[in-house]
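Step one of this worksheet: look at the structure below.
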Amino acid sequence: MSGGGDPAGGKPRGFVDAHGVPCYPTPSRQLTAHARSRRALRRARRTAARAPGGRAVDRFLSHFTHRFDAKGRISIPSAFRQVLAKDGFAGVYAYPSLDAPALDCGGHALIAEIDALLQTMPPYSPARDAFATALLGMSEILRLDAEGRVFFDERPKSALGLNGEAVFVGQGHKFQIWEPARFQAHLDEARARVRRLRAEREAQAAPEAPR
């Protein structure tokens, strides 16, 4: 595993358990530098594990790189599994992305968004049938084993260009699974597009120079 992945125990770098209990020294015992450091780390971990406003994070955030094992299994990042568990979805709902060589993945929140999209289209219309086929008909539910892994057979791995590793990319209500080199190219392109869009917005917001 590399990048922003789970270096130990299936947890991403910087992940913390919000249930850790800080150790407070007795007043008669002077805090050592090491003890002060540990207390500060625990406070930072509890803060990082919660969103602003005191709500537990329930969005797919950040990105992680994990390796496939010899049986074609790969671990879903523990932070993503927590979101799925809070969402109440058993497994991972996945379908080929419409716009990228990646899998779109999520739980009930993603399915609800798809349903909302389909409801904007007339029943039995060609547009609705096309979207339903692409988003529902091509989907599958990846089952998690006891260690948080899912199995990929060779067909989807080949279609996505996956080999030894995969990148899990959070997108809020969903996450994507990418081949690492393809994701890097996509990320570079996305950053360039964002810079162009930001420049265009700044130009539109700038007051016109007097003539």
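Annotations
- Approximating the spin labels as points 7 Å out from Cα along Cα→Cβ, the Arg195-to-Arg128 distance works out to 4.5 nm.
- Take each peptide in 140-153, 119-132, count the other Cβ atoms within 10 Å of every residue, and average; sorted highest first, the result is 140-153, 119-132.
- Chain lengthening between Arg59 and Ala181 when straightened (0.36 nm per residue, less Cα-Cα): 41.4 nm
- Ratio of the Cα radius of gyration of the stretch 62-200 to 2.2 N^0.38 Å, where N counts its residues: 1.11
Coordinate-derived values only; no laboratory data. None of these values were measured; they are calculated from a predicted model. With ideal geometry, Cβ positions are generated from the backbone for all residues, glycine too; neighbour counts draw on all protein chains shown.
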